[in-house]
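The values are calculated or read from the model by the stated rules, or taken from the named source; none is laboratory data. The model shown is predicted, which means the values in this text are computed figures rather than measured ones. Positions of Cβ are backbone-derived with ideal geometry, glycine not excepted, and every protein chain shown enters the neighbour counts. Note: areas computed on protein heavy atoms with side chains; ligands, DNA, RNA excluded. Shrake-Rupley method; radii C 1.70, N 1.55, O 1.52, S 1.80 Å.
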Amino acid sequence: MTQLKVIMAAVAAVILSSCSRFASQNQVGWEDVEQIGVDSVAYDGYCLRGTTDQTLKMVTANGDTLYFNMADVKKKKQVFGTINPGDEIYVMLSSDSNEVRMVVNKSALLGKWVQPDPIDGSSDIGIEIKIGGDAKSYAYPESNNEVEYVSWRLFNGKMVIEERRDDGLSESEMRKFTIIKITPDSLILRADDDNEAPFNFGRWKENHEYDDLPEGLEIDDGSSDEIIW
């Protein structure tokens with residue numbers, strides 16, 4: 001009887017161990033779940049000297065140097081942001097060919113992007129996109145944003161932004177956005193869950209109008225200024 005108990009205990013331990021290994025192998029993050037139905041492959045890296053209007057030369061994070069034909073993707077207007085040597089870039093290819101489907105200048109995304117508060121227009125609100133995938137909410141003048149931005153990444157041709165509602169109760173939500181336009185001064189995104197409301201951001205620029213004036217100089221608001229013709 002004692003020997004039987006020992007054998008049964010050993011079998012149970014093997015089963016538990018197998019279950020444990022199976023569970024750990026099947027714990028996946030949201031990235032893996034999202035890869036169901038993915039029809040593309042992508043490369044992250046940096047643009048190199050030697051890039052031309054027709055050919056993109058880049059080095060990947062693994063140190064591989066790659067060349068991509070840019071003719072077709074430019075015709076389809078799927079190049080977002082002007083590409084220059086040294087810029088961090090994202091290149092998406094079709095999975096069944098080497099066709100370039102999208103190129104995004106990730107460096108051009110960095111910075112503070114704002115738009116007038118849609119509720120009352122009293123402040124500029126938006127997102128600060130940081131290098132390495134971090135993000136945060138931004139407002140000027142400072143105000144309490146309803147949405148707290150946490151992180152961002154480019155995935156399967158979409159800009160995925162992690163959001164959290166500022167109520168202390170909501171869990172983080174991964175929202176996917178289609179990139180419409182990236183220029184030095186504008187960023188237009190359309191939320192996949194709300195196609196009627198694109199985000200028209202402008203780049204926040206600090207006001208340096210008075211930077212060169214002597215310290216302590218008082219600046220009036222101009223309300224009493226006389227116009228001299």
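Of the listed requirements (1) over 30 Å from Lys136 (Cβ atoms); (2) of a type outside the set (Ser, Thr, Tyr); (3) in contact with a strand residue (DSSP E or B) (Cβ under 8 Å, 6 or more places away or on another chain), Asp44 misses just one: (1). Restricting region 103-137 to residues that are in contact with a Ser or Thr (Cβ under 8 Å, 6 or more places away or on another chain) and acidic (Asp, Glu) leaves a set whose member that is nearest to Phe155 (Cα to Cα) is Asp134.
Go through the residues of region 193-204 one by one and say whether even a single one is out of contact with any Phe, Trp or Tyr (no Cβ under 7 Å at 6 or more places or on another chain), open to solvent by 70 Å² or more (accessible area, probe 1.4 Å) and either modelled with pLDDT under 65 or not in a loop (DSSP other than H, G, I, E, B) (or both). Checked region 193-204: at least one residue is out of contact with any Phe, Trp or Tyr (no Cβ under 7 Å at 6 or more places or on another chain), open to solvent by 70 Å² or more (accessible area, probe 1.4 Å) and either modelled with pLDDT under 65 or not in a loop (DSSP other than H, G, I, E, B) (or both).
Among residues of region 57-77 that are without any contact (Cβ under 8 Å) to a residue 12 or more places away in the chain, those with a Cβ under 6 angstrom from a residue that is of a type in the set (A, V, I, L, M, F, W, C), sequence gap 6+ or separate chain, pair up as Lys57/Leu48.
Counting the residues of region 132-151 that are under 30 Å from Lys76 (Cβ atoms) and either open to solvent by less than 70 Å² (accessible area, probe 1.4 Å) or modelled with pLDDT of 95 or more (or both) gives 4. Of all residues in region 182-189, one or more are in contact with a Pro (Cβ under 7 Å, 6 or more places away or on another chain), open to solvent by less than 40 Å² (accessible area, probe 1.4 Å) and either of a type in the set (Asp, Glu) or at pLDDT 65 or above (or both). For Val41, the conditions (1) open to solvent by less than 50 Å² (accessible area, probe 1.4 Å); (2) within 18 Å of the chain's Cα centre (by Cα); (3) of a type in the set (A, V, I, L, M, F, W, C) all hold with the exception of (1). Val38 falls short of the stated requirement of being modelled with pLDDT of 95 or more and either farther than 22 Å from Ile182 by Cα or in contact with a Leu (Cβ under 7 Å, 6 or more places away or on another chain) (or both).
Summed over region 120-157, the residues that are out of contact with any Asp or Glu (no Cβ under 9 Å at 6 or more places or on another chain) and aliphatic (A, V, I, L, M) give a count of 2.
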